[in-house]
């Protein structure tokens, strides 16, 4: 028997890494890496668009709330100013007074009745 030299290579993490990720493997997987890069860019862009949309929704909700408050304020002022006592008070500087006599009722006499009497 001849003496055979058995040379065992020492295990090192760097050597294992270089065996798996060698140049030919990297070149072969370039399209996949580009695909991953495009997906990452789309993911980031989607996040920015969602943030902008949420910001616009919050801004619109705040404007809507302000308009609702303004509507309620104007409605209450109009209800107050349209009361009879307030209208009389507002008309006094112009020299207008409220008429104390009741209105006249106008009755329409049918035209048939007037033709028969002729």
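The values are calculated or read from the model by the stated rules, or taken from the named source; none is laboratory data. Every value quoted in this text rests on a predicted model; they were computed, and no experiment measured them. Note that we place each Cβ from the backbone using ideal geometry, even for glycine, and neighbour counts take in every protein chain shown.
Given the condition part of a helix (DSSP H, G or I) and at pLDDT 85 or above, answer yes or no: does some residue in segment 93-111 qualify?
yes
Quickly run through segment 10-27 and pick out the residues that are loosely packed, with under 10 Cβ neighbours inside 10 Å and assigned to a helix (DSSP H, G or I).
Answer for segment 10-27, where residues must be loosely packed, with under 10 Cβ neighbours inside 10 Å and assigned to a helix (DSSP H, G or I): 13, 14, 19, 20, 23, 24, 27.
Go through segment 81-92 residue by residue and tally those that are assigned to a helix (DSSP H, G or I) and either in contact (Cβ under 8 Å) with a residue 40 or more places away in the chain or exposed (fewer than 10 other Cβ atoms within 10 Å of the Cβ) (or both).
Selection size over segment 81-92: 2.
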